[in-house]
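The values are calculated or read from the model by the stated rules, or taken from the named source; none is laboratory data. On a predicted model such as this, the values are computed, not experimentally measured, just so you know. No Cβ is skipped: glycine too gets one built from the backbone with ideal geometry, and neighbour counts run over all protein chains shown. Keep in mind that these areas ignore ligands, DNA and RNA; they rest on the heavy atoms of the full protein, side chains included. Shrake-Rupley method; radii C 1.70, N 1.55, O 1.52, S 1.80 Å.
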Amino acid sequence: MASPNLECRMYESKFPKAETVVMVQTTESSEMGTIVSLVEYNNINGLIFFTETDNRPPRRSISSLFKCRSLSSPALKVEPFEPALVLRVNSEKGCIYLSKREVKEEDAKVCKKRYYKSMLVHFIMRNVAETLSIDLEDIYTTIGWPLYRKYGHAFNALKLIANDPNSILDSITKEVKEVGPDGEEVPKMVPAVTEEMKDVLVKKIRDFVDIMGAFHALLPMDPTAFSFKDLV
């Protein structure tokens, strides 16, 4: 049996929108600028141009800078996470252009708070996927992203699920086809979250609440961003 794929972006959209602030991690400097990974989007690459100096090395193809970059490379010096503003997205070429200088202080705080919450959601979704041997993207498609759409952020739903799982999870539905009396297929809405998924998710949330003090010590987060007590 093949192992599940436990790598997935945190949000439904594959790319961030322009003018949004996202969390990035510097992975490499090039002659064009700084290569960063967008940690909320499964570490896809972005580029921050050098704008402070005109003494730049010869130019290369921009799209080539986004190829063959890996966080696992021992040659890369990985920097801490920090917010960056998305200036432009070319989804066809997989090129994302960002700026650190244009990030406003208030937007940076909002980004950090969102990221920390998303990390907690991701931690729980990944544990559910691993326990059920299901691809992480399937768990997000079934549970995570519908909660993001309905509650603004899935973190807000997790707080409710911990105490009242049925009313939250039973409201997530999907369309299936059934054969009617006349032999024709007809659409029908059914619960998307199975009882097994529900049981595992609730257990993981409650387990997390029990160990959140230890988990807090493992995350490089600003303790003033939000309280872990918000989860219960």
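Mind checking which pairs have a first residue in region 88-105 that is assigned to a loop (DSSP other than H, G, I, E, B) and a second that is aromatic (Phe, Trp, Tyr) and at pLDDT 95 or above, Cβ under 8 Å, 6 or more apart or different chains?
What qualifies is Ser91/Phe15.
Kindly establish whether Glu28 is charged (D, E, K, R), exposed (fewer than 12 other Cβ atoms within 10 Å of the Cβ) and in contact with a strand residue (DSSP E or B) (Cβ under 9 Å, 6 or more places away or on another chain).
no
Does region 160-206 hold any residues that are β-branched (Val, Ile, Thr) and part of a helix (DSSP H, G or I), and which are they? Reasoning before the result, please.
Looking only at region 160-206, we keep the residues that are β-branched (Val, Ile, Thr), and these are 161, 168, 172-173, 176, 179, 186, 190, 193-194, 200, 202, 205.
Those that are β-branched (Val, Ile, Thr) and part of a helix (DSSP H, G or I): Ile161, Ile168, Val200, Val202, Ile205.
Within region 183-198, how many residues turn out to be surrounded by 12 or more Cβ atoms within 10 Å (Cβ to Cβ) and without any contact (Cβ under 8 Å) to a residue 24 or more places away in the chain?
Result for region 183-198: 3.
Return yes or no: is Lys113 outside any helix (DSSP H, G or I), farther than 22 Å from Pro4 by Cα and of a type in the set (D, E, K, R)?
no
Just wondering, is there one or more residues in region 13-34 that are at pLDDT 90 or above, assigned to a loop (DSSP other than H, G, I, E, B), under 30 Å from Ile143 (Cβ atoms) and among the hydroxyl-bearing types (Ser, Thr, Tyr)?
Scanning region 13-34 turns up at least one residue that is at pLDDT 90 or above, assigned to a loop (DSSP other than H, G, I, E, B), under 30 Å from Ile143 (Cβ atoms) and among the hydroxyl-bearing types (Ser, Thr, Tyr).
What's the number of the only condition in (1) outside any helix (DSSP H, G or I); (2) surrounded by fewer than 20 Cβ atoms within 10 Å (Cβ to Cβ); (3) in contact with a Pro (Cβ under 6 Å, 6 or more places away or on another chain) that Ala108 fails to meet?
It is condition (1) that Ala108 fails.
Give the number of residues within region 168-177 that are over 12 Å from Ile143 (Cβ atoms) and open to solvent by 80 Å² or more (accessible area, probe 1.4 Å).
Qualifying residue count, region 168-177: 2.
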